[in-house]
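Heads up, the thing below is written out as structure tokens.
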Amino acid sequence: MEKQNLMSEFQKARRKFKPALPSVLRGGPQSVKPKAGKRTESVSDRETVKKLFPNTYGMPVISLAKGGNQQVSKKTVRVGVVLSGGQAPGGHNVIAGLYDGLKKANRKNTLIGFLGGPSGILENKWIELTGNIIDRYRNTGGFDMIQSGRTKIESPEQFDVTKKVLVSNKIDGLVVTGGDDSNTNAALLAEYFKKEKLPVSFIGVPKTIDGDLKNEQVETSFGFDTATKVYSELVGNTCRDVNSGRKYWHFIRLMGRSASHITMEVGFMTQPNIVLVGEEVLAKKMTLSQVVNYIADIVAKRAGDKKYFGVVLVPEGLIEFIPEMKELIVALNDVLAENEKEINSMAGIDEKRNFVCGKLEHHLAELMRSLPLGISSQLMLDRDPHGNVQVSQIETEKLLIDMVKTRVSELARGGGFKNKFTAVTHFFGYEGRSGAPSNFDANYCYALGYNAAVFALNGYTGYLSSVRKLVKKPEKWECGGIPLTMMMNIERRKGKEKPVIQKALVKLNGKPFKMLQKDRDRWAVTESYLFPGPIQYFGPSSVTDMTTKTLKYEQSKKGK
Ligand code: FBP
């Protein structure tokens, strides 16, 4: 709990920030009328998704307009909230907005917070969130008010426990704040409760710093704005350092488990020498050696100009985009899932690797053996509860440096430059996930939470809270809800076909990538570095209210 005497001057000042609500929400939930649009379909695998969600498939998109809706104030509701997955700046403001929305409708409404993520539901661990608690966390980063976790509610027993816990606690609605996997879970719960004829509303809120939970209706997930601003400060400072010392190459891996949105945004903000984009590597079917050659050629070119320094941005998910590595990871997922007990009983990494290699096809076993032991052991680490490989634990930047070093030595032997390649590694991930939310995230999250209150009060279930037109001022933002099933497709997880919300990867025909393509050759050979400095919370609006370049480019004439 944030106690007044344990607060920095910044925290005290930041607490006073009043998020600006979209004008449609300003009169409270009782002055908002939901309007239904057309029936919807899932993004793909329609028949399969429809069969899996017979009660919640096809629901319409809902938009909110001003209008009398007094009945939401007449009943008293008890709503739960859970934070799920990785931290993202602004989560506390989602809860604050939800709380304020519920209380504005009826002072007797209550909000409870399940502790430690979805496991808090399974273990029936929760606290009532009072005004005092909420006030201590307004506009703060982190998820420490109620913490988070990655437990997936998936077995029939877990669904049964969830039912018992929510019913016994008289919960009318549950707001699930999470990424694609957690919102998939919310959709499954919505479907299950509908099937059981239990009137509990499940409303999702799009969270993830990775920025890959977006589509036509969701312009960005919350946290991306703040996290990329934090990373941009660090990368900008590193660019300034190389430009001063002129002796190192910095390889900086940035979070973003699958998509390269974070890396591209930080690239726009700082203009380093190399920005790798996983989605491009996949589209061009580049091998690991080709990625290495691309970097080594730029290192050699700069060395030819007597520039023995530079900055490379590496998206954390790169490794999974290199087709040969992806094939290996997919095969490993199955081998690890099928032989979990046996592998866990082995103590040595060599033993594990030999065992696993024995189960892989010959060419994949060869690839696995060719990797440094550290990397192959990181590739074998436990998958997260949703079946994802934990790329935050794989030191791709070290693998690249090793290989670039070898390649640069080869090139240097051909003459033309001195081989003075010295590299330094960084991983910027956790540093950005819990920063104090930028004005954008503070406003956006508050609106998402308040909007979720409107949806819960109106008894909707299986919807994602959506706030749009985000490049405009907050009062002009549009609010509504998107059926979770609309965003689904079928993917292979833990060796099985599962319905999941489709991740939004970087589009190679989209404006952000085209902007990068236009500039990156110049950034490679010159020092075009930008130094964005820290997020500004106070000061001129041109600086404090700046949205991300990604959002700006994507929303400019629909990103074309
Ligand atoms: P979410 O998708 O749950 O928001 O998490 C994203 C992320 O921050 C990734 O960028 C990163 O790979 C992962 O979480 C790290 O997870 P963990 O906190 O479990 O190490």
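The values are calculated or read from the model by the stated rules, or taken from the named source; none is laboratory data. Source: prediction; values computed, not measured. Every residue, glycine as well, gets a Cβ built from its backbone with ideal geometry; the counts of neighbours run over all protein chains shown. The protein model used for the area step is the full one, side chains on, heavy atoms only, and it has no ligands, DNA or RNA in it. Shrake-Rupley method; radii C 1.70, N 1.55, O 1.52, S 1.80 Å.
A simple spin-label model places the labels of SER345 and LYS285 4.2 nm from each other, with each point 7 Å out along Cα-to-Cβ. Counting charges near ARG246 (Lys, Arg +1; Asp, Glu -1) among other residues having Cβ under 11 Å from its Cβ returns a value of +3. In a reduced charge model with +1 at each Lys and Arg Cβ and -1 at each Asp and Glu Cβ, the chain shows a dipole moment near 2100 debye about its Cα centre. For segment 437-447, 3J(HN,Hα) computed residue by residue from phi via the Karplus equation (6.51, -1.76, 1.60; θ = phi - 60°) reads x, 4, 4, 4, 5, 4, 5, 4, 5, 4, 5 Hz, glycine and proline entered as x. For GLY310, the residues 5 or more places off, or on other chains, whose built amide H falls under 5 Å of its own are TYR248, TRP249, HIS250. The charge dipole of segment 1-92, taken about the Cα centre with unit charges on the Cβ atoms of Lys, Arg (+1) and Asp, Glu (-1), comes to about 480 debye, rounded to the nearest 20.
Based on Cα contacts under 8 Å between residues 6+ apart, segment 1-152 shows a relative contact order of 26 percent.
To the nearest 10 degrees, how steeply does helix 288-304 sit against the main Cα axis of the chain, on a 0 to 90 scale? Compared with the principal axis, the helix lies near 60 degrees.
Here's the picture: charge each Lys and Arg Cβ at +1 and each Asp and Glu Cβ at -1 in segment 339-465, and of VAL389, VAL408, GLY462 the one pushed furthest to the positive end of that dipole is VAL408. Gyration tensor over the Cα atoms of the chain: the corresponding equivalent ellipsoid has semi-axes (square roots of 5 times the eigenvalues, largest first) of 41, 29, 21 Å. As a rough guide to protection, the peptides 5-17, 464-476, 157-169 ranked by mean Cβ packing within 10 Å, highest first, stand as 464-476, 157-169, 5-17.
Full extension of the chain between LYS469 and ILE127 yields a length gain of 119.7 nm, computed as 0.36 nm times the residue separation minus the alpha carbon distance. From helices alone, the chain scores -13000 deg cm²/dmol at 222 nm; the rule is -39500 (n - 2.57) for each run of n ≥ 4 DSSP H residues, then divide by the residue total. GLU527 sits with roughly 60 Å² accessible to a 1.4 Å probe, with DNA, RNA and ligands left out of the calculation. Rolling a 1.4 angstrom probe over the protein heavy atoms with all chains in place gives the chain an accessible area of 41 Å² per residue.
For the set MET403, MET488, the ranking by accessible area, highest first and with no ligand, DNA or RNA atoms included, is MET403, MET488 under a 1.4 Å probe. The residues neighbouring MET486, those whose beta-carbon lies less than 12 Å from its own, together hold a net charge of +2 under the Lys/Arg +1, Asp/Glu -1 convention.
For PRO22, neighbours were defined as the other residues whose beta-carbon sits under 10 Å from its Cβ, and their charges (Lys and Arg +1, Asp and Glu -1) total +4.
Using r as the Cβ-Cβ distance of ASN354 and LYS326, and R0 as 25 Å, what FRET efficiency do you calculate, to the nearest 0.05? The calculated FRET efficiency here is 0.65. For segment 1-81, relative contact order (Cα pairs under 8 Å, six or more residues apart, normalised by length) works out to 34 percent.
If a spin label sat at a point 7 angstrom from the Cα of ARG240 along the line to its beta carbon, the backbone N atoms of segment 300-322 nearer than 20 Å would be those of 309-313. Amide H contacts of ASN109 (H built 1.01 Å from N, in plane; Pro and chain starts excluded): VAL77 sit under 5 Å, all sequence-distant by 5 or more or on other chains.
Only protein atoms count toward the accessible area here, which uses a 1.4 Å probe; on segment 269-370, the carbon and sulfur part of that area reaches 49 percent. Listed peptides 51-64, 204-217, 113-126, 343-356 appear in the order 204-217, 113-126, 51-64, 343-356 once ranked by packing, highest mean of other Cβ atoms within 10 Å at the front.
So what is the relative contact order of segment 370-447, in percent, for Cα pairs below 8 Å that sit 6 or more residues apart? After rounding, I find 20 percent.
For GLU338, put the label point 7 Å out on the Cα→Cβ axis and report which residues of segment 364-380 keep their amide N under 17 Å from it. Within reach of a label on GLU338: 364-366.
Charge dipole (Cα centre; +1 on Lys/Arg Cβ, -1 on Asp/Glu Cβ; no other charges) of segment 123-220 amounts to roughly 340 debye.
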